[in-house]
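Okay, structure first, notes after.
The values are calculated or read from the model by the stated rules, or taken from the named source; none is laboratory data. In this text, all values refer to a predicted model and were calculated from it rather than measured experimentally. Cβ coordinates were reconstructed from backbone atoms using ideal geometry, including for glycine residues, and neighbour counts include every protein chain displayed. Keep in mind that these areas ignore ligands, DNA and RNA; they rest on the heavy atoms of the full protein, side chains included. Shrake-Rupley method; radii C 1.70, N 1.55, O 1.52, S 1.80 Å.
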Amino acid sequence: MTLIVCLKARDCIVISADSLTSLGRKIVSCTTEKLHQVGTDAVTVSCGLSRVNDKGWGTILADFPAPPNGTAIAATVSRLQAFLNEIIGRVPKSNVGACQGGNTFLLAGHDVANSGMAVTRLTRLGDRRQFEAATTVSNASDHDYIEWIGDTTPVSTYIASKTALYDPDMPQDAAVEFAIKAIIDGIAASLAAGNHTIGGEFVSVALVSASNVTSSRHPTGIPCMVTALTGSSIVPPDHASPLAGSECRYQI
């Protein structure tokens, strides 16, 4: 799975994510990019199933038609949801269980209409081939917002302690450093708990402001090794559909 933190700070939103992708208990990538720019001032980040019809979300979202400058955040969300529904809808419904596991996307961007920053969540449940109605989790008037998504249960104690240190008045540079360290320390906490679904070679960060998106990568300094896959390990036991491996697979 993954670990992602999204937070508001002074005149910005910062999102940070690890870079591990797993298949069951096996690590299939230590260098997965989970942040995707979908507009001049909008970024989406995802966890859940990472591949549809043998394409990762990075490749898929590269074809998303980014809206023009000044597009309302609600319109960007609507376009993204329609795009995601079209992609996941290509997997035949007759292939029961192929896309089991769902997806969660957070979209963070500048709300032009309300002169502030907003975050919306798009969720696909279980094996469904469409996303639920979009939910605004932080609107332009919200000042105090921090959210963690991904494989949060194994590191719930760590998340609580880190969240207690969050300050919505942090300047942008401090917010970026907070987010980077949040993921790196989260990886360490996960490994200490005997969990191996959070990790990767780098932490991805996006700083979203009213005018642009600044993205960067930062080494974790924590070893990550891809697990060799055998023919019998292509589809994890809990996704045991005869065609599952050819449609949707892997977890981020």
Those residues of region 70-81 which are on the phi < 0 side of the Ramachandran plot and either in contact (Cβ under 8 Å) with a residue 40 or more places away in the chain or open to solvent by 60 Å² or more (accessible area, probe 1.4 Å) (or both), in sequence order
71, 72, 73, 74, 77, 78, 79, 80, 81
In the list 160, 134, 140, 164, which residue meets the criterion of being closer than 23 Å to residue 222 by Cα and modelled with pLDDT of 95 or more?
160
Would you mind finding the one in 158, 166 that is farther than 21 Å from residue 34 by Cα, open to solvent by less than 60 Å² (accessible area, probe 1.4 Å) and not in a loop (DSSP other than H, G, I, E, B)?
158
Hey, could you check region 4-58 for residues that are out of contact with any strand residue (DSSP E or B) (no Cβ under 8 Å at 6 or more places or on another chain) and under 27 Å from residue 169 (Cα atoms) and say which is least open to solvent (accessible area, probe 1.4 Å)?
9
Please specify each residue of region 192-225 satisfying the condition of being open to solvent by 60 Å² or more (accessible area, probe 1.4 Å), within 20 Å of the chain's Cα centre (by Cα) and modelled with pLDDT of 95 or more.
201, 214, 215, 217, 219
Quick check on region 54-85: of everything there that is among the aromatic types (Phe, Trp, Tyr) and outside any loop (DSSP other than H, G, I, E, B), which residue is nearest to residue 44 (Cα to Cα)?
57
Which count do you get for residues in region 137-186 that are among the charged types (D, E, K, R) and farther than 12 Å from residue 8 by Cα?
6
Restricting region 59-69 to residues that are under 20 Å from the mean Cα position of the chain (by Cα) and open to solvent by less than 30 Å² (accessible area, probe 1.4 Å), the one farthest from residue 37 (Cα to Cα) turns out to be 60
Take residues that are open to solvent by less than 40 Å² (accessible area, probe 1.4 Å) and tell me which of the strands (runs of 3 or more DSSP E) falling wholly in region 92-138 contain 3 or more.
103-111, 116-124
Output the residues belonging to region 140-155 that are within 19 Å of the chain's Cα centre (by Cα) and surrounded by 15 or more Cβ atoms within 10 Å (Cβ to Cβ).
145, 146, 147, 148, 149, 150, 151, 152, 154, 155
Cross-chain or 6+ apart pairs with Cβ under 9 Å, region 94-115 first and among the charged types (D, E, K, R), then part of a strand (DSSP E or B) and open to solvent by less than 10 Å² (accessible area, probe 1.4 Å)
111/118
